[in-house]
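Participant: Take this structure first; my questions come after.
The values are calculated or read from the model by the stated rules, or taken from the named source; none is laboratory data. Predicted model only: the values in this text are computed from it and were never measured. Glycine gets a Cβ as well: all are built from the backbone with ideal geometry, and neighbour counts include every protein chain shown. These area figures cover heavy atoms from the full protein model, side chains too; ligands, DNA and RNA do not enter into them. Shrake-Rupley method; radii C 1.70, N 1.55, O 1.52, S 1.80 Å.
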Amino acid sequence: MIDTAVLDDPTGAALSGPHGGFARRHGQAVCYDPAVTLFAALPAVAGSEAWDDLAALVGPGGTAVLIGAYPVPAGWKITWRDDVVQLVDATVAVADEPTAVPLGAADVPEMLDLVERTRPGPFLARTVEMGSYLGVRRDGKLVAMAGERMRLPGFTEISAVCTDPAYRGQGLATRLIRAVAAGVRRRGETPYLHAASDNTGAIRLYEAMGFAVRRQLTFTVVVAPD
């Protein structure tokens with residue numbers, strides 16, 4: 001039986017494990033290098049000292065993305081909060097995608113442009129360093145992609161799944177998810193992903209692919225006091 005407890009705090013587990021090289025720590029708070037991603041982690045019960053530590057990490061007016069329904073202290077601003085469903089690979093039929101190409105640093109401008117047009121979630125200039133990314137091109141243009149975000153002991157998150165609106169309906173996202181999942185499985189790890197709890201279409205798609213809902217989490221974007 002796979003121990004899924006690490007998935008309750010994916011950011012903390014990743015930065016204490018496989019993604020430790022990206023970690024920035026101060027007291028009780030930890031975050032990724034902000035050029036890579038804005039995710040941060042606090043103790044499950046975070047007192048004022050932990051929030052002060054986070055403020056020291058991100059700096060005045062700095063932004064952090066927290067996973068957990070934390071009470072946010074006075075002085076901090078919540079700019080976005082939503083409930084998210086976490087799904088874990090149960091019976092996904094993984095398969096390499098012959099039309100997919102690896103994406104790297106040279107592809108970042110195109111990746112950022114695709115993200116800007118499709119809004120799959122946060123993706124920054126160095127997010128590509130978090131794991132393997134695959135894309136599909138049509139006439140040389142990047143029209144779809146998916147990749148790996150947080151990697152923790154035994155699990156890797158699939159993220160940045162997006163398709164140019166002009167190329168939707170061709171199954172590109174599904175094929176790329178299966179291909180990224182195949183790479184995760186080859187490392188002996190289990191793929192998982194997140195979807196907004198009100199995005200019932202995406203959740204149904206992931207369940208049909210063989211992902212199983214594990215639990216609901218709260219994602220909160222906070223801005224530190226000036």
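Participant: Of 103, 55, 115, which is farthest along the charge dipole of the chain in the positive direction, counting Lys and Arg as +1 and Asp and Glu as -1 at C-beta?
Facilitator: The one lying farthest along the dipole's positive direction is 103.
Participant: Same structure, new question: Per the 1.4 Å probe, what fraction of the accessible area of the chain, in percent, lies on carbon and sulfur atoms?
Facilitator: 53 percent
Participant: Another question, if that's okay. Please give the length that would be gained between residue 198 and residue 95 if that part of the chain were fully extended, namely 0.36 nm times their separation in residues minus their C-alpha to C-alpha distance (nm, one decimal).
Facilitator: 34.3 nm
Participant: Take every Cα pair under 8 Å in the chain that's 6+ residues apart, average their separations, divide by the length, and report that relative contact order as a whole percent.
Facilitator: 29 percent
Participant: Still on this model: For segment 179-207 and segment 48-85, write down the distance between their C-alpha centroids in whole Å.
Facilitator: Cα centroid of segment 179-207 versus Cα centroid of segment 48-85: 26 Å apart.
Participant: For a test of the definition: using alpha carbon positions, the gyration tensor, and the 1.5 limit on a/c, classify segment 151-207 as rounded, prolate or oblate.
Facilitator: Verdict is oblate for segment 151-207.
Participant: Of all DSSP beta bridges located in segment 1-86, what percent are antiparallel, nearest 5?
Facilitator: Here the share of antiparallel DSSP bridges comes out near 75 percent.
Participant: Percent relative contact order of segment 113-226, based on C-alpha pairs within less than 8 angstrom and at least six residues apart?
Facilitator: Once divided by the residue count of segment 113-226, the mean separation gives 20 percent.
Participant: Rounded to the nearest 10 Å², what accessible area does residue 177 have for a 1.4 Å probe in the complete protein model?
Facilitator: 0 Å²
Participant: Ranked highest first by the average count of other Cβ atoms within 10 Å around their residues, in what order do 52-59, 94-101, 148-155 fall?
Facilitator: 148-155, 52-59, 94-101
Participant: Which one, 23, 182, 208, has the greatest fluctuation when you compute a Gaussian network model over the chain with C-alpha springs under 10 angstrom?
Facilitator: Largest GNM mean-square fluctuation: 208.
Participant: Related question: Would you calculate the separation in nanometres between label points at residue 56 and residue 78, each defined as 7 Å from the Cα along the Cα-to-beta-carbon direction?
Facilitator: Distance between label points: 2.7 nm.
Participant: If you fit an axis through the alpha-carbon atoms of helix 172-186 and take the longest principal axis of the Cα set of the chain, what angle between them do you get, 0 to 90°, nearest 10?
Facilitator: For 172-186 against the chain, the angle is about 70 degrees.
Participant: First check a/c for segment 6-66, with a ≥ b ≥ c the square roots of the eigenvalues of its C-alpha gyration tensor; if it is under 1.5, answer rounded, and if not, answer prolate when a/b is larger than b/c or oblate otherwise.
Facilitator: It is oblate, given that a/c is not under 1.5 and a/b is not larger than b/c.
Participant: Turning to a different aspect of this structure: Leaving out ligands and nucleic acids, and using a 1.4 Å probe, what accessible area per residue does the chain come to in Å²?
Facilitator: Solvent-accessible surface per residue comes out at 45 Å².
Participant: Using +1 on the beta carbon of Lys and Arg, -1 on that of Asp and Glu, and nothing else charged, what's the dipole of the chain about the Cα centre, debye to 20?
Facilitator: Dipole size: approximately 480 debye.
Participant: Net charge near residue 171: determine it from the other residues with C-beta under 11 Å of the C-beta of residue 171, scoring Lys and Arg +1 and Asp and Glu -1.
Facilitator: Here the charged neighbours net out to +2.
Participant: Decide, for segment 79-215, between rounded, prolate and oblate: order the square roots of the alpha carbon gyration tensor eigenvalues as a ≥ b ≥ c, take rounded if a/c falls under 1.5, and otherwise choose prolate if a/b is larger than b/c, else oblate.
Facilitator: Note, shape of segment 79-215 comes out rounded.
Participant: Next question. So, counting K/R as plus one and D/E as minus one, what does the shell of residues with Cβ under 14 Å around residue 218 add up to?
Facilitator: -3
Participant: With +1 on each Lys and Arg Cβ and -1 on each Asp and Glu Cβ, and nothing else charged, work out how big the dipole of segment 1-75 is about its Cα centre, in Debye to the nearest 20.
Facilitator: Result for segment 1-75 is approximately 160 debye, rounded to the nearest 20.
Participant: Next question. Measuring from a point 7 Å past the Cα of residue 138 along Cα-to-C-beta, which residues in segment 167-211 have an amide N at less than 15 Å?
Facilitator: Zone members listed by number: 167-176.
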